[in-house]
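The values are calculated or read from the model by the stated rules, or taken from the named source; none is laboratory data. Since we're looking at a predicted model, the values are computed, not measured. Heads up, the Cβs are rebuilt from the backbone with ideal geometry, glycines too, and the neighbour counts pull from every protein chain shown.
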Amino acid sequence: MAGLLCLVLIAAAVVIGYRMYNKPHRSAATEKAVELTAMRLAADYEKDENTANKKYLGNAVQVSGTVSEITLNQQNKPVIVLLGSDMSGVQCTLQADVHGIKKGDSVTIKGFCTGYLTDVIMDRCIVGR
Amino acid sequence: MMIILMALLCVSGIKAQDLFITRHGQVSFFSKTPMENIDAVNNEVSSVLNVKTGEIGFAILVKSFHFERALMEEHFNENYVESDKYPKASFRGKLTNAGAIDFSKDGTYNVTAEGDMTLHGITQKISVPGTIVVKGGLPQVQAKFKLAPKDYSIKIPSLVADKIAETMNVSVDCKYEKK
């Protein structure tokens, strides 16, 4: 009886260990996000980077805004910059191609905030809610 | 940090035509041990190159490094580089031979960048050999160098020491546009 219990516990540990080792990446599609405008996000970072990091750094964020720039990065993934403030925008690197998005469009992008350089940076992004 | 760098460049009377930038340059690193291969890439590197003075700067968000395995990425952020505490890494330096490069002429030029590398809150002086490829008037900077985590107080627990090499092989590949 004790032997059987041991076996079950060991099997459980192996399964849990295996699943942790191969845990999936965080996904913007499934994680609950802070929702705000690109202008608000840029303003928050410009005002106080440390406070903004506490709110947004490493978290899922859903931003809505106007496309001020759309380009491709060196891995041919789309990079969309949303209008933020005079000084900073919100730069979003998308996971997949997007068709039909152009400068001036209003979009909603969901992804993870990795911090603030000249713009607020978000990656692993998807378009839409 | 980038804003300070740009402001300093502006104050010193730099002409816009001397500056090239990227907001999505690439930096990656890897190490191989018999136990494990570590491989990470960052495609959101911000960099400024002043072709007149040779000043070059890179600003990197550490959370933008992505690994194939999510658990490895988690350990990297939480245990090793402590990215919540030190979200940025940077290099601020100068090309030692900027004067010898004709940035208006297509070609491949060997360069050395010397300056301050900051990671995990620690700054070290480093010297990195690399190349600049000028094509159509636009530069592309490429470099490979080794970096030891312990030089930046990055502690690797002895339990996993055989999975993580003592030095990381870092690769830089940035294509610049006109500012």
*Filter region B:144-160 for residues that are within 12 Å of residue B:80 (Cβ to Cβ) and small (Gly, Ala, Ser) and give the result.*
B:153
*Quick one: what pairs do we get from region A:25-44, first residue farther than 19 Å from residue B:74 by Cβ, second of a type outside the set (Val, Ile, Thr) and assigned to a helix (DSSP H, G or I), C-beta under 6 Å, 6+ apart or different chains?*
A:44/A:52
*Of the conditions (1) away from every other protein chain (no Cβ under 11 Å); (2) without any contact (Cβ under 8 Å) to a residue 60 or more places away in the chain; (3) touching a Ser or Thr at 6+ places or on another chain (Cβ under 8 Å); (4) surrounded by 12 or more Cβ atoms within 10 Å (Cβ to Cβ), residue A:79 clears all except one; give me its number.*
(1)
*asked:* Residues to consider are A:61, A:107; find the one that is more than 10 Å from every other protein chain (Cβ to nearest Cβ), over 28 Å from residue B:176 (Cβ atoms) and aliphatic (A, V, I, L, M).
replied: A:61
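For region B:26-80, give me every one of the strands (runs of 3 or more DSSP E) that falls completely inside it and has 2 or more residues that are of a type outside the set (Ser, Thr, Tyr), farther than 17 Å from residue B:173 by Cβ and modelled with pLDDT under 95.
Those strands (runs of 3 or more DSSP E) span B:37-50.
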*Look at residue B:86 and say whether it is within 13 Å of chain A (Cβ to nearest Cβ) and either surrounded by fewer than 19 Cβ atoms within 10 Å (Cβ to Cβ) or of a type in the set (Lys, Arg) (or both).*
yes
_Residues of region B:142-178 satisfying the condition of being modelled with pLDDT under 90 and of a type in the set (Asp, Glu)_ = B:162, B:166
*asked:* Just to be sure before I move on: is residue A:118 facing chain B (nearest Cβ under 9 Å) and part of a loop (DSSP other than H, G, I, E, B) in the structure I sent?
replied: yes
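Can you confirm whether residue B:169 is in a strand (DSSP E or B) and farther than 28 Å from residue B:19 by Cα? Can you show your working first?
Working: in a strand (DSSP E or B): yes; farther than 28 Å from residue B:19 by Cα: yes.
Judged against the criteria, residue B:169 is a match.
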*Do we have residue A:33 as surrounded by fewer than 16 Cβ atoms within 10 Å (Cβ to Cβ), more than 22 Å from residue B:23 (Cα to Cα) and away from chain B (no Cβ under 14 Å) here?*
no
